[in-house]
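Here the structure comes first, spelled out in structure tokens, and everything after it is commentary.
The values are calculated or read from the model by the stated rules, or taken from the named source; none is laboratory data. Just so we're clear, the structure is a prediction, and the values are computed from it rather than from any experiment. A quick note on method: Cβ atoms are made from the backbone with ideal geometry, for glycine too, and the neighbour counts reach across all protein chains shown.
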């Protein structure tokens with residue numbers, strides 16, 4: 001079936017749901033939606049929310065609603081426990097409100113043992129589907145409206161990418177666009193390839209068309225998203241590199257800023273570095289996950305680069321783009337990690353000069369090779385290492401971020417702070433800046449003097465041009 005035909009069918013189901021709901025109630029039904037996990041999840045959550053609104057639902061902030069929808073994440077085991085906690089809470093609400101519809105979808109639902117647990121212990125959940133058939137949501141929800149039986153529809157895999165489904169967005173002026181789905185990397189600690197499936201890239205024409213429509217609707221900053229954007233285009237009939245895609249996106253009139261994540265070090269090409277260096281629109285911020293500074297541990301993680309290659313890449317990037325803001329992910333306590341391995345990680349943090357690093361304690365994830373590895377690191381050693389890493393990351397981050405103090409930077413104004421009259425925005429380097437200003441500047445670009453560095457953010461003032 002063609003993508004356009006599938007989209008047409010699902011849009012018809014949205015209308016069928018709307019008609020059914022209009023007949024069954026005199027008041028407008030409400031829905032609550034909750035997102036867990038990555039930015040790609042956020043984009044899918046926005047799409048489901050837009051579909052619900054087109055069906056006639058009104059979004060509310062409370063779980064006491066006519067429909068409650070969870071987009072689930074399963075990167076860490078405690079994310080699963082959190083969802084079960086929500087379901088326990090909803091049981092009593094549903095007892096009082098039996099017509100309530102409870103919907104679970106996303107990565108957690110791709111795990112067989114999770115689905116069996118929901119089937120057995122949470123029979124009051126109405127609809128369960130996974131990551132490969134999200135485009136079928138209107139059809140599945142229509143079936144849910146017609147029965148009290150639990151509907152479970154999980155696909156093991158799909159090559160289908162359905163374009164043109166409704167979406168909404170948090171900000172009118174910036175949003176994310178998924179360029180690919182799935183992952184082929186199989187890092188030994190990560191569940192993502194098992195729940196998201198193999199890599200599949202969207203056609204460049206479809207991506208360009210979507211961005212052009214967003215820009216026409218007021219978007220000026222785009223974040224291109226994928227589990228590993230650097231391997232974009234390899235699965236297309238006519239392969240296209242990620243750098244080539246970026247060059248096409250750059251041509252779009254009215255688009256001011258281009259961001260992207262996540263970038264796997266093993267696939268970051270010289271072509272991409274050069275494209276970033278020559279671009280007028282690609283932001284000088286690169287998220288380059290390290291995970292560990294130990295070559296031995298990196299091999300156990302199946303990351304397919306070593307410490308030397310990573311630092312060589314960092315030096316190459318800094319030479320081409322001297323003002324680049326580098327951020328990273330670092331994991332502490334991977335099975336078998338020794339104090340010597342940990343010291344290698346600290347060495348990379350000292351040499352790479354990150355603006356900030358997202359630090360994690362290794363979480364044993366059932367279903368991954370690392371979960372069965374021996375030499376799990378004792379908890380007290382992990383906590384001690386994590387504390388020392390955090391201290392160094394914060395110290396280096398404050399030092400590196402402060403290099404912009406006293407400069408004037410262009411800021412995209414994103415929000416008003418809780419403190420009235422104070423606005424918040426970001427530089428192209430992804431640094432957060434607070435400054436006095438009026439709300440009507442939200443969504444606009446202003447020149448701001450970065451007066452005081454507070455570590456990972458700045459206080460400044462608007463400079464009149």
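Brief remarks follow.
- In this structure, residue 101 does satisfy being within 16 Å of residue 32 (Cα to Cα), surrounded by fewer than 22 Cβ atoms within 10 Å (Cβ to Cβ), in contact with a helix residue (DSSP H, G or I) (Cβ under 8 Å, 6 or more places away or on another chain) and at pLDDT 90 or above.
- Residue under evaluation residue 456, criteria (1) at pLDDT below 95; (2) assigned by the TED database to the domain that holds residue 346, criterion not met: (2)
- The set of residues in region 427-445 that are outside any strand (DSSP E or B), under 25 Å from the mean Cα position of the chain (by Cα) and more than 20 Å from residue 327 (Cα to Cα) comprises 442, 443, 444.
- The conditions of being touching a strand residue (DSSP E or B) at 6+ places or on another chain (Cβ under 8 Å), assigned to a loop (DSSP other than H, G, I, E, B) and more than 24 Å from residue 178 (Cβ to Cβ) are met by residue 354.
- Qualifying positions in region 432-453 - modelled with pLDDT of 95 or more and in contact with a helix residue (DSSP H, G or I) (Cβ under 9 Å, 6 or more places away or on another chain): 450
- Filter result (without any contact (Cβ under 8 Å) to a residue 40 or more places away in the chain and touching a helix residue (DSSP H, G or I) at 6+ places or on another chain (Cβ under 9 Å)) within region 104-125: 104, 115, 117, 118, 121, 122, 124, 125
- Hey, residue 342 within 23 Å of the chain's Cα centre (by Cα), touching a residue at least 24 places away in the same chain (Cβ under 8 Å), outside any loop (DSSP other than H, G, I, E, B) and surrounded by 16 or more Cβ atoms within 10 Å (Cβ to Cβ) or not: no
- Inspection of region 164-171 identifies no residue that is in contact with a helix residue (DSSP H, G or I) (Cβ under 6 Å, 6 or more places away or on another chain) and not in a loop (DSSP other than H, G, I, E, B).
- For region 396-405, the count of residues that are surrounded by fewer than 16 Cβ atoms within 10 Å (Cβ to Cβ) and out of contact with any strand residue (DSSP E or B) (no Cβ under 8 Å at 6 or more places or on another chain) is nonzero.
- The residues listed here are 328, 391, 424, 359; of these, the one that is without any contact (Cβ under 8 Å) to a residue 12 or more places away in the chain and part of a strand (DSSP E or B) is 424.
- Scanning region 321-338 for residues that are surrounded by fewer than 16 Cβ atoms within 10 Å (Cβ to Cβ) and more than 22 Å from residue 187 (Cα to Cα), we see that the one that is nearest to the chain's Cα centre (by Cα) is 323.
- Residue 367 meets the conditions (1) assigned to a helix (DSSP H, G or I); (2) within 30 Å of residue 336 (Cβ to Cβ); (3) out of contact with any strand residue (DSSP E or B) (no Cβ under 6 Å at 6 or more places or on another chain) in every case but one. The failed one is (1).
- Selection from region 174-229 of residues that are in contact with a helix residue (DSSP H, G or I) (Cβ under 6 Å, 6 or more places away or on another chain), in contact (Cβ under 8 Å) with a residue 60 or more places away in the chain and at positive phi: 186
- Out of 63, 15, 46, sole residue that is in a loop (DSSP other than H, G, I, E, B) and either under 30 Å from residue 228 (Cβ atoms) or outside the structural domain of residue 179 (by the TED database) (or both): 63
- Flag for residue 140 being touching a helix residue (DSSP H, G or I) at 6+ places or on another chain (Cβ under 8 Å) and at pLDDT 90 or above: no
- A single member of 328, 368, 345 is modelled with pLDDT under 95, under 26 Å from residue 79 (Cβ atoms) and not assigned by the TED database to the domain that holds residue 76, and it is 368.
- Single unsatisfied condition, residue 254 versus (1) exposed (fewer than 15 other Cβ atoms within 10 Å of the Cβ); (2) in contact with a strand residue (DSSP E or B) (Cβ under 6 Å, 6 or more places away or on another chain): (2)
- Among the candidates 140, 87, residue that is closer than 18 Å to residue 31 by Cβ, assigned by the TED database to the domain that holds residue 64 and in contact (Cβ under 8 Å) with a residue 24 or more places away in the chain: 87
- Test: residue in region 36-52 that is without any contact (Cβ under 8 Å) to a residue 12 or more places away in the chain and surrounded by fewer than 17 Cβ atoms within 10 Å (Cβ to Cβ): no
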